[in-house]
Amino acid sequence: MKRKIGLTLLMALISFSALAAADSGAAKEPRLGGPTARFAQADTNGDGLLSKAEVQAALPRLADDFDKIDANHDGQLSRDELYGFMRAHFPRRHGMRHHFQQCFAQADKNGDGQLSLEEARAGMPRLADDFAKLDLNHDGQLSRDELRQAMRERFRHGPGHEHKPFLAKLDTNNDGKLSMDEAKAAFERADANKDGFVTGDELRAAAGPRGCGH
């Protein structure tokens, strides 16, 4: 019995650690920030392609994978080749970016490419809570550039900072810490088929649908 409980607790810790590692994997990804802007900055001769020298100078984390990214083996990287590589190797980050863009577009009711405080409250309420901090130029609007910069700052603070909302759901006594009992209870809730394991599908189901900050 003790062995069974011990294994369950161990699996719980592994599962929750795996979730954090999957998200924090974005910190290890070669960060393109705003992909179009970073590509343009790296393309010093303005030919719309990146040579190996340009990649080594501006995007050194990609240099080791240059030959893999260069799908047509012409010694140059096109935008399509680079973005295709990023989508294939970092699908979660790509999915997060796509989800954010959808949410932003839905919240931007007047279509001006920015969010007012009222639009943020209605469509992306988590942004509304920190609106003043995110509004870097204090113009009363949130641009995509301001939000991208905020996201980069969040990743610099590490996965613990990024996952406070998720951990808060597990911290049932609200003491700011996750106990073994709380971890075990969360694991058992997530283990839908009660086989002693939590799959990725079960973990995603337990986390609930991903909304636009509600």
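The values are calculated or read from the model by the stated rules, or taken from the named source; none is laboratory data. Here the structure is a predicted model, which is why all the values come from computation and not from measurement. The area values use the complete protein model at the heavy-atom level, side chains included, leaving out ligands, DNA and RNA. Shrake-Rupley method; radii C 1.70, N 1.55, O 1.52, S 1.80 Å.
Side notes on the structure shown:
- The solvent-accessible area of LYS184, taken with every protein chain present and a 1.4 Å probe, is close to 50 Å².
- Anchor LYS184: aspartates and glutamates whose Cα lies under 16 Å away (excluding residues fewer than 8 positions away in-chain): ASP171, ASP195, GLU202
- LEU178 accessible area, 1.4 Å probe, all protein chains in place, Å² to nearest 10: 80 Å²
- Accessible heavy-atom area order of VAL198, VAL55, highest first, probe of 1.4 Å: VAL198, VAL55
- Rounded percent of accessible protein surface that carbon and sulfur make up, the range 37-81, 1.4 Å probe: 46 percent
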